Amino acid sequence: MKRLPDYLKRNIIDNEKTKTVRRILKTKCLNTVCDGARCPNKNECYEHHTATFLIMGNVCTRNCKYCNISTAKPEPLDKNEPKHIAEAVQELGLKYVVITSVTRDDLPDGGANHFAECIKEIRNLSPDIKIEILTPDFRRKDGALDTIIEAHPDVFNHNIETTRSVFKTARPLGDYDLSLEVLKYIKQNSDIKTKSGLMVGLGETIEDIEQTLIDLKNVECDILTIGQYIQPSKQHLEVVKYYTLEEFEELKQLAQKIGLNKYQIGPLVRSSYNAKLLND
C-alpha cells in the first residue's frame, strides 16, 4: 500500500458530540457512515448538525473493489429501523440528515420503499429538517425510482464513483450508463436536486475526469463531489496516484468550466461532506 501524503492525514479527536452520537446509535441499534468508517470529517459535520446514517444492514450484495463493506447474504430488513432513525435524528437535533445504504439487489424494489419509510418517519418527528438520500442504482427495478420521487427527499444523491475508463475494474457489478440514467430520471420527473460524486486516483486521466463531468452536466446534475481514493486494505484496489493539492484546485476549475458550479472538491472530500452547506 502506498504511503499517505501528509495532507491526507487527519487526527480524529473524540468530543462530546461524537460521544453523544455513539450513545444514541447504540441505544437505537443504528449505524452511521461517519462513526463506523471513522470518517476524518465527522467532527466538522457534527458541528454543522449533520450526520449520515447507513440503513438496510452492514453487508452488501455487490463486490466493489474499492469498498470496505463486506459482501454476503443480507439479513431481512429491520422494519423498526425507519422509526429508530427518526428518533435518533430528533434526539441529536440534526438540521440536515443523509440516509445511505448498502446495495440490496435481493429485494424486489432494491430497498426503495425502505428509503421512503425513513423519509416519512423523519419528517413526522422533524418536519423542518432537510433530507438527502444516497442510493444504489436499483437495477431498473419496477417503480423503485418513482417510490423515491413520491417520498421527495430534498436531495437525491447517486454516485457515479469513477470515470468510465476504470468503472468496470472498480465496480464489476455496476453500470456507468445506468447510473447516469438514474440521475436523469430523477431530474426529468421531479424538482428534487440531484447530486453525484467520484473518487480519483484509480488510474483515470484528466481527460477521463473531464468526460465524466460532462456526462454529469448532460444529465443536469446539480451538485458534485470529488475526493481522493484511499485504499482500505491490501485486498482492495491499489491507489495509482495521489492527486496533489494543486491538482485538486485544477479539478475545481474544470468543474466550473463545464458548468458544475455547486461542488466540494478536495483530497478528503466524501459524498456527504458539507452536504448541508451545498444545499443551502
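Taken together, the values in this text are just the output of simple stated rules run on the coordinates, not laboratory data. The structure displayed is predicted, hence computed values, not measured ones. Here the Cβ positions follow ideal geometry from the backbone for every residue, glycine too, while neighbour counts run over all protein chains shown.
So here's what we get for this one:
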{"read-out": "Straight-distance crosslink candidates among lysines, where the alpha carbon sits under 18 Å from Lys26 and sequence neighbours closer than 8 are dropped", "value": "Lys17, Lys42, Lys79, Lys83"}
{"read-out": "Burial ordering of Cys64, Cys221, Cys118, Cys29, fewest other beta-carbon atoms within 10 Å first", "value": "Cys29, Cys64, Cys221, Cys118"}
{"read-out": "Computed over the range 151-216, the ratio Rg/Rh where both radii use C-alpha atoms and Rh is Kirkwood", "value": "1.00"}
{"read-out": "Potential lengthening between Lys184 and Leu8 on full extension [0.36 nm per residue; Cα-Cα distance subtracted]", "value": "60.0 nm"}
{"read-out": "Derived scalar couplings ³J(HN,Hα) [the range 51-59; Karplus, 6.51 cos²θ - 1.76 cosθ + 1.60; whole Hz; x for Gly, Pro]", "value": "8, 10, 9, 9, 10, 6, x, 10, 10"}
{"read-out": "Listed residues Gln264, Gln90, Gln228, most fluctuating in the chain (Gaussian network, C-alpha, under 10 Å)", "value": "Gln90"}
{"read-out": "Ranking of Ile206, Ile148 by count of other Cβ atoms within 10 Å, fewest first", "value": "Ile206, Ile148"}
{"read-out": "Taking all pairs of distinct alpha-carbon atoms in the range 12-279, Kirkwood radius in angstrom", "value": "18.7 Å"}
{"read-out": "Sorted by Cβ neighbour density within 10 Å, fewest at the top, the residues His236, His114", "value": "His236, His114"}
{"read-out": "With at most 11 neighbouring Cβ atoms within 10 Å, loop trypsin sites (Lys or Arg not before Pro) (DSSP) excluded, longest segment of the chain", "value": "80-233"}
{"read-out": "GNM top mover of Asp106, Asp154, Asp222 - the chain, alpha-carbon springs below 10 Å", "value": "Asp106"}
{"read-out": "Amide H within-cut-off set for Thr194, under 5 Å, with H built and near neighbours excluded", "value": "Phe156, Asp222, Ile223"}
{"read-out": "For Thr71, distant residues with modelled amide H under 5 Å away", "value": "Cys60"}
{"read-out": "Amide H contacts under 5 Å for Val239, placed H, 5+ residues apart", "value": "Lys2, Gln231"}
{"read-out": "Cβ-defined net charge surrounding Tyr7, 13 Å radius [Lys, Arg +1; Asp, Glu -1]", "value": "-1"}
{"read-out": "Loop sites in the range 120-151: GluC sites (Glu not before Pro), DSSP, at most 13 other Cβ within 10 Å", "value": "none"}
{"read-out": "q = 0.10, 0.14, 0.22 Å⁻¹, the range 60-199: log10 I(q)/I(0) [Debye, one scatterer per Cα]", "value": "-0.33, -0.66, -1.45"}
{"read-out": "The range 12-279: antiparallel DSSP beta bridges as a percent of all, rounded to 5", "value": "5 percent"}
{"read-out": "Hz values of 3J(HN,Hα) by residue in the range 261-267 - Karplus curve (6.51, -1.76, 1.60), Gly and Pro given as x", "value": "9, 9, 7, 10, 10, x, x"}
